[in-house]
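These notes are about the structure you will find just below.
The values are calculated or read from the model by the stated rules, or taken from the named source; none is laboratory data. Everything quoted here is computed from the prediction, not taken from an experiment. Counting neighbours? That spans all protein chains shown, and the Cβs are built from the backbone with ideal geometry, glycine included.
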Amino acid sequence: MKNLTWKLVVIVAILVFFLAGIFGIPKDWSGKGLLASITDRIHLGLDLRGGTHLILQVQVNDAVNVDSDNAVARLREDMRTRKINYSDITKPDPANHPETIIVKGVPPEQTSDFKSIVTERLPDYDVSSGAENSFTVAMKAQSLADLKNRAVSQAIETIRNRIDALGVSEPVIQEHGLGQYQILVQLPGVDDPARVKEIMQSTAMLEIKQSLGGPYPSQESALQSKGGVLPPDAVLMPGKSIGSTNSENGENWYLISRSSAVTGRDLRTAEPTRDENGQPAVRFILTGDGGRKFYSFTSAHVGDYLAVVLDNKVQEVAVIKEAIHDTGIINGRFTDQQTQDLSMTLRSGALPAGIKYLEERTVGPSLGADSIRSGVRAAVVGMIAVLAFMLIYYRWAGVNADIARSRIGI
């Protein structure tokens, strides 16, 4: 009897230990507390808990456009450095074929120098001759396919980081095999799908560029100020009225350089803060390499204007009073919640391309609740039936069998 008592104590202790491991230690021993402890440990999927089902398509041409825009800027800079003449550098069809660049007006005697620039500086591009001293610089087929596939993989990873930061349990985020460049997202138990969608689809692409003019009340006035033709290395971007009395409640336009001093890829971290006026803002810190590039750029442009661009929209324009190292602040009439979301999106990384929603379904938990109730009912009825049979058939020996079965079942 003494040995049996110790054995019983050990068995009960083991059962309690593993029950605590499975269900946790309830903060409240009431019925609601026990139920909350169980539900916190057992995460239900979309089929049982309900939630949001999304199919997204990555706009991979956005990523290709970014790469080819950088290639255009690099070509202009290198050709200017090597004093190679040209009449124009354009992308004739950026919507459908963003990988193609046309260079016109290269003198025949400088053809070899131009080709060497493409070979040395743009290893992912091929160059071919055309009519009237023109050249076609196009991304290699394998490099193009790799860039598009990489854009999808990076989008999946970025979306996963953002969803994890929101605390959604057991999400499904994976490539959708039924369509090209598509992503399947399933979010069980999401109570604010609109906010999740907004955070997911924001590219949150931070770029710091040189501001070449503005603000202008409209695109037409911006064009008129430049004689109807924009400089080849500049682009018009919308932005809220920043430090200006014009169009206070509307949108202004700014002339911004195409090339960036630094981008979100140079970002180390971002966090909510307050600006000098006590308004919500976002403070960002660059990596070591990004800080060096930023310092080099601002050192060369003291007295010029700097534009903070987020998702192709100007958030802030300020004069460069002195060289800046690795820290900056983004303020743009944000709310506290927006600064939290923006900081989180920037930390999780920028989407390499925009995303488009192809399908959205909200799945209710009623079918899952019915399945859970039916499963629990079936388990309880089955267990009682087996225990009763063992007691009736084996009598007192069935008591030991029932206890052993209960231990195994647990």
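In this structure, residue 106 does not satisfy being without any contact (Cβ under 8 Å) to a residue 40 or more places away in the chain, part of a loop (DSSP other than H, G, I, E, B) and closer than 19 Å to residue 56 by Cα. Scanning the range 57-106 for residues that are among the charged types (D, E, K, R) and surrounded by fewer than 16 Cβ atoms within 10 Å (Cβ to Cβ) yields 74, 77, 80, 82, 83, 88, 93, 104.
Might you check whether a residue that is surrounded by 18 or more Cβ atoms within 10 Å (Cβ to Cβ), within 16 Å of the chain's Cα centre (by Cα) and within 18 Å of residue 342 (Cβ to Cβ) occurs anywhere in the range 163-183? Yes: one or more hits.
Okay, residues lined up against (1) at pLDDT 85 or above; (2) on the phi > 0 side of the Ramachandran plot; (3) in a helix (DSSP H, G or I):
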residue	(1), (2), (3)
168	no, no, no
175	yes, no, no
179	no, no, no
184	yes, no, no
187	yes, no, no
191	no, no, no
194	no, no, yes
214	yes, yes, no
222	yes, no, yes
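Taken over the range 222-237, the criterion of being surrounded by 14 or more Cβ atoms within 10 Å (Cβ to Cβ) and either free of Cβ contacts under 8 Å to residues at least 24 places away in the same chain or out of contact with any Phe, Trp or Tyr (no Cβ under 7 Å at 6 or more places or on another chain) (or both) is satisfied by 223, 226, 230, 233, 234, 235, 236. Picking from residues in the range 250-279 that are assigned to a strand (DSSP E or B), under 22 Å from the mean Cα position of the chain (by Cα) and not aliphatic (A, V, I, L, M), the one that is nearest to residue 210 (Cα to Cα) is 263. Scoring residue 317 on the criteria (1) touching a Phe, Trp or Tyr at 6+ places or on another chain (Cβ under 6 Å); (2) over 20 Å from residue 238 (Cβ atoms) leaves a single failure, condition (2). Reported count of residues in the range 293-341, each being more than 30 Å from residue 166 (Cα to Cα), in contact with a Lys or Arg (Cβ under 9 Å, 6 or more places away or on another chain) and free of Cβ contacts under 8 Å to residues at least 12 places away in the same chain, is 0. For residue 38, the stated conditions do not hold, so it cannot be described as at pLDDT 70 or above and either in a helix (DSSP H, G or I) or out of contact with any Cys (no Cβ under 6 Å at 6 or more places or on another chain) (or both). In this structure, residue 298 does not qualify as over 26 Å from residue 213 (Cβ atoms), crowded, with 16+ Cβ neighbours inside 10 Å and β-branched (Val, Ile, Thr).
Beta carbons closer than 8 Å, at least 6 apart along the sequence or on distinct chains, pair a first residue in the range 372-400 that is among the small types (Gly, Ala, Ser) with a second that is modelled with pLDDT under 80 and surrounded by 11 or more Cβ atoms within 10 Å (Cβ to Cβ) for 398/390; 398/391. No other residue among 235, 229 is assigned to a strand (DSSP E or B), of a type in the set (Val, Ile, Thr) and at pLDDT 85 or above apart from 235. What tally of residues in the range 114-164 results from selecting those that are in the same structural domain as residue 197 (by TED's automatic domain parsing), more than 20 Å from residue 62 (Cα to Cα) and either of a type in the set (Asp, Glu) or part of a strand (DSSP E or B) (or both)? Count: 1. Of the residues making up the range 114-122, at least one is within 21 Å of residue 263 (Cβ to Cβ) and touching a Lys or Arg at 6+ places or on another chain (Cβ under 8 Å). Restricted to strands (runs of 3 or more DSSP E) entirely inside the range 295-365, those with at least 2 residues that are at pLDDT 85 or above are 305-310, 313-319, 355-363. For the condition modelled with pLDDT of 90 or more, in the same structural domain as residue 326 (by TED's automatic domain parsing) and more than 22 Å from residue 346 (Cβ to Cβ), residue 254 does not qualify. Residue check: residue 404 meets all listed conditions (1) modelled with pLDDT of 75 or more; (2) closer than 24 Å to residue 19 by Cα but one, namely (1). Mind listing whichever residues of the range 188-208 are more than 16 Å from the chain's Cα centre (by Cα) and surrounded by 16 or more Cβ atoms within 10 Å (Cβ to Cβ)? The answer is 188, 189, 190, 208.
Counting the residues of the range 77-102 that are over 11 Å from residue 138 (Cβ atoms) and modelled with pLDDT of 95 or more gives 0. Please work out which residue is farthest from the chain's Cα centre (by Cα), limiting yourself to the range 377-401 and to residues that are modelled with pLDDT under 75 and either surrounded by 10 or more Cβ atoms within 10 Å (Cβ to Cβ) or farther than 30 Å from residue 4 by Cβ (or both). Across the range 377-401, the extreme among qualifying residues is 397.
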